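All remarks here apply to the structure that follows.
The values are calculated or read from the model by the stated rules, or taken from the named source; none is laboratory data. All values derive from a computational prediction rather than experimental measurement. FYI the Cβ positions are ideal-geometry reconstructions off the backbone, even for glycines, and counts take in every protein chain you see. Accessible surface areas use protein heavy atoms only, side chains included; no ligands, DNA or RNA. Shrake-Rupley method; radii C 1.70, N 1.55, O 1.52, S 1.80 Å.
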Amino acid sequence: MRIPEPYFTKVLKPLLFIISLLPAAYLTAGIFYDWLGANPVETIIRNLGDWTLRFLLITLAISPLRRLTGMAQLLRLRRMLGLYAFFYAVLHLVIYISLEQSFDWQEIISDILERPFITVGMLSFILLIPLAATSTTTAIRKLGKNWLRLHQLIYPIAILAILHFWWLVKADTREPLIYAVILALLLFERLLRFWLKKKLKRH
Ligand code: HEM
């Protein structure tokens, strides 16, 4: 399947760009119209965290979706989706630092060191930085094979992000479990392909 090029570049891509901004727009409007509930800061942080994780998983789903549909154009959406994961992660962290911790750096550092769910969240965020920084066409060209190697970091990033969510909720793990199952399926598909490729090479 192939979407005609002008529709892809002039309609689908910009539409996806705008749709991806909607969660941030919804939260911004929520601040002005006061519909974020009794604890708006927590609502904002949690929503931004959810969207970071969703964009990470959507980004990871692109290549299996491409294989499933044969639609090579999908790969050209991957960079934008990955950068949206980074965008929401930055907002998530900025709101945590500013509105939740009021820039109390000592408190922030002890939170990162003492609360395991924050520690793994931070680790996940730090690992995302080199991926976002090397998402330009120039970086892809310059790094060559190393770019692919570096971007394998997306797997530990996603695992740490789910661990972050899991350790936060403590008792009711239903929601992080859904994300964990999706990630497990995405990882399993890759492992299976890797294993089959190796086996075929041997024969
Ligand atoms: C890639 C990195 C990250 C991802 C994917 C992520 C994802 C999430 C998710 C899914 C939630 C739970 C949302 C819900 O309850 O529905 C969450 C909550 C939270 N995250 Fe993150 N996070 C990341 C990084 C960070 C970092 C770096 C910090 C702070 C240093 C942080 C601090 C928090 C806090 C404070 C909460 C809410 C806790 C509460 O409501 O009491 N996260 N995050």
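Every condition in (1) on the phi > 0 side of the Ramachandran plot; (2) modelled with pLDDT of 95 or more holds for Ile162 except the one numbered (1). Looking at the range 160-181, I want the residues that are in contact (Cβ under 8 Å) with a residue 24 or more places away in the chain and within 11 Å of the ligand (Cβ to nearest atom) and have a partner that is of a type in the set (Ser, Thr, Tyr) and in a helix (DSSP H, G or I) with Cβ atoms under 8 Å, at least 6 apart or on another chain. Which pairs are those? Final answer for the pair search is Leu160/Ser124; Ala161/Thr52; Ala161/Ser124; Ile162/Tyr179; His164/Ser124; Phe165/Tyr179. Give me the helices (runs of 4 or more DSSP H) completely within the range 74-159, filtered to those with at least 1 residues that are touching a Ser or Thr at 6+ places or on another chain (Cβ under 8 Å), among the aliphatic types (A, V, I, L, M) and near the ligand (Cβ under 10 Å from one of its atoms), ordered by residue number. Passing ranges, in order: 75-95, 105-114. Pairs meeting the criteria (first residue in the range 21-50 and within 25 Å of Leu83 (Cβ to Cβ), second residue in a helix (DSSP H, G or I) and of a type in the set (Lys, Arg), beta carbons under 9 Å, at least 6 apart or on different chains) are Pro23/Arg54. Of all residues in the range 140-162, those that are over 15 Å from Gly82 (Cα atoms) and open to solvent by less than 20 Å² (accessible area, probe 1.4 Å) total 1.
Tell me, yes or no, whether the range 69-91 has at least one residue that is over 25 Å from Ala132 (Cα atoms) and more than 22 Å from the chain's Cα centre (by Cα). Yes: the range 69-91 contains one or more residues that are over 25 Å from Ala132 (Cα atoms) and more than 22 Å from the chain's Cα centre (by Cα). Against the conditions (1) small (Gly, Ala, Ser); (2) in contact with a helix residue (DSSP H, G or I) (Cβ under 7 Å, 6 or more places away or on another chain); (3) open to solvent by 70 Å² or more (accessible area, probe 1.4 Å), Ala38 satisfies every one except (2).
For Ile58, are the conditions met, namely being open to solvent by 20 Å² or more (accessible area, probe 1.4 Å) and either hydroxyl-bearing (Ser, Thr, Tyr) or touching a residue at least 12 places away in the same chain (Cβ under 8 Å) (or both)? Reasoning before the result, please.
Values: open to solvent by 20 Å² or more (accessible area, probe 1.4 Å): yes; either hydroxyl-bearing (Ser, Thr, Tyr) or touching a residue at least 12 places away in the same chain (Cβ under 8 Å) (or both): yes.
Here the answer is yes, as Ile58 does meet what is asked.
The single condition among (1) hydrophobic (A, V, I, L, M, F, W, C); (2) open to solvent by less than 40 Å² (accessible area, probe 1.4 Å); (3) on the phi > 0 side of the Ramachandran plot that Leu93 does not meet is (3).
Among the residues making up the range 97-111, a single one is open to solvent by 90 Å² or more (accessible area, probe 1.4 Å) and touching a residue at least 24 places away in the same chain (Cβ under 8 Å): Leu99.
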